[in-house]
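What follows is a short report on a single structure.
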Amino acid sequence: MSNYQNYHMTPEEFRRHGRQVVDWIADYYESIESMPVLSQSKPGQTRASLPAHPPEDGETFEAILADVGDIILPGVTHWQSPNFFAFFPANASGPAILGELLSAGLGVQGMLWATSPACTELETHMLDWLVEMLGLPEKFLSTGSGGGVIQDSASSAALCALLAARERATGLASNEQGCDGSLVAYTSNQAHSSIEKAVKIAGLGRQNLRLVDVDDRWAMRPDLLAAQIKNDQQAGRVPFFAAATVGTTSSNGLDPLPEIGNICSANDIWLHVDAAMAGTAALCPEFRWIQKGLELADSYCFNPHKWMFTNFDCDCFYVADRRTLIQALSILPEYLRNQATESGAVIDYRDWHIPLGRRFRSLKLWFVIRYYGVEGLRNHIRRHIALARMFADWVAADDRFELAMPPPLNLVCFRHRGGDEINQQLINRLNRGGDIYLTHTSLHDRLTLRFCIGQTGTEQRHVVQAWHRIKGEAEALEKNL
Ligand SMILES: Cc1ncc(COP(=O)(O)O)c(C=O)c1O
């Protein structure tokens, strides 16, 4: 043993390199505006820069960190850039990143209450705080029959809701025998693709998902939902699950929850509400109208990892009746048995989602909520929405452009009046330029630009600059018409 070589990083080395990494991240944020928002990397470029084989001997930390700059950074699209207006945001913040670091440092695996009581209890507490912060229905509080849990994503939340609904509808028989093809699920044709994916994974069959049409604001039409349910019932099928969206991905359409909720209640259908991005707006009392009718839902989710300054991954998923969820997902092998679980006095979150293992994700939420305070968070949400309205006013005042609809919150959908070709060229030129990044969708079969404001560092000057760029590229294209 005298020749024993310890390959580990010592606490002293960790202290030194940890500071280097924190400095690296701080420098990154200070210089992020100078980098092309959309990575200009070519397919295969990152891999071609990496050695073909792993190193036999360890390398210095300095060499590794230098390669992050030289090899990795060119292949990064800068989601945290204040000039990122694409998709929906996945924003982050100092307190969230440090909370994440601490979570990695503790290295806790919180599958059971007993494997780290604080991991479970802080999470339960944060999810209850969020009920209060967002003005969610009290039935989602853990102090009643419901409760919340952190999932990796809204996709996983939808799948868990669907599985719980499936077991409720079949009296737990589908877990035992599989599905017989009679169950039918509903969502709008604007819902996120994760609903369709969940239906497929849950073994329900893609053909048993009905995509209900929407109105001119991209919101599900309750009359069509009711008619479709009736059709299915008359054909001997069993309607059991509906997913409504608060803030659809394409256009931020808001489904009418009161009407959909009443239809679901009358037909014993589990209603899941997906507010992945837009849900954060409810921090501000003046935007809580978006979740009117939520008291009729069986489950709900929103992603602090989109718009609440908490880095990916962090989806908050609530159920009104935790017993059903737990019954649907619980399995207790001998090696996980323990006194705390058997006492019935604790929550074991392994029964609330698909994986067994779980990270200490509530730390970053705790850091964010405490560091900003609820008022600090509201301040930024209000600012983003005000900037989106300002941008929409500029679009509306320019004859060459049109709004697809007035923005309900922080997403502006608009297009050049010149048709799909010019809009496609516009977006290509803007994104190639590297100083802003925005994406598109199709609304009424017309190519539409999406401009979403939700990055932590975005200020008015970035939005002003983006509008100048858009107008400038449009002028250049018009000259060639
Ligand atoms: C409305 C909506 N639901 C669900 C999702 C999926 O989110 P996640 O990546 O958390 O699964 C998105 C992603 O943008 C979304 O916009």
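Where a number appears in this text, it was derived from the coordinates with a stated rule and is not lab data. Predicted, not measured: the structure shown is a model, and the values here were computed from it. Here the Cβ is made from the backbone with ideal geometry for all residues, glycine too, and neighbour counts use every protein chain on show.
What to note about this one:
- Helical segments meeting 15 Å axial Cα length and Kyte-Doolittle 0.5 threshold in the chain (DSSP H): 94-106, 154-170
- The range 1-93, dipole about Cα centre (Lys/Arg Cβ +1, Asp/Glu Cβ -1), debye to the nearest 20: 320
- Size of electric dipole in the chain: Cβ of Lys, Arg +1 and of Asp, Glu -1, about Cα centre, debye, nearest 20: 620
- Charge dipole (the chain, unit charges on Cβ, about Cα centre) - positive-most of His440, Val76, Gly44: His440
- Secondary structure note: in the chain, about 55% of the DSSP beta bridges are antiparallel.
- Proximal charge balance of Asp215 [Cβ under 12 Å; K/R count +1, D/E count -1]: -3
- Its DSSP H runs of at least 4 residues, each contributing -39,500 (n - 2.57), put the calculated 222 nm mean residue ellipticity of the chain at -13500 deg cm²/dmol, to the nearest 500.
- Formal net charge of residues neighbouring Leu411 (Cβ-Cβ distance under 12 Å; K, R +1; D, E -1): +3
- Given charges at beta-carbon only (K, R positive; D, E negative), |dipole| of the range 108-359 in Debye: 380
- Whole-angstrom gap from the range 195-253 to the range 396-459, using each part's C-alpha centre: 28
- Spatial separation of Cα centroids for the range 80-100 and the range 278-301, in angstrom: 22
- Between the range 311-376 and the range 1-25, the C-alpha centres lie 33 angstrom from each other.
- Within-15-Å neighbourhood charge of Leu38 [Cβ basis; K, R +1; D, E -1]: +2
- Ranked packing of 441-451, 290-300, 268-278, most packed first, by mean Cβ within 10 Å: 268-278, 290-300, 441-451
- Listed residues Val374, Ala397, Cys160: farthest to the positive end of the dipole of the chain (Cβ charges): Ala397
- Selection among Leu225, Tyr318, Met133 by position relative to the dipole of the range 108-359 gives Leu225 as farthest towards the positive end (Cβ unit charges, Cα centre).
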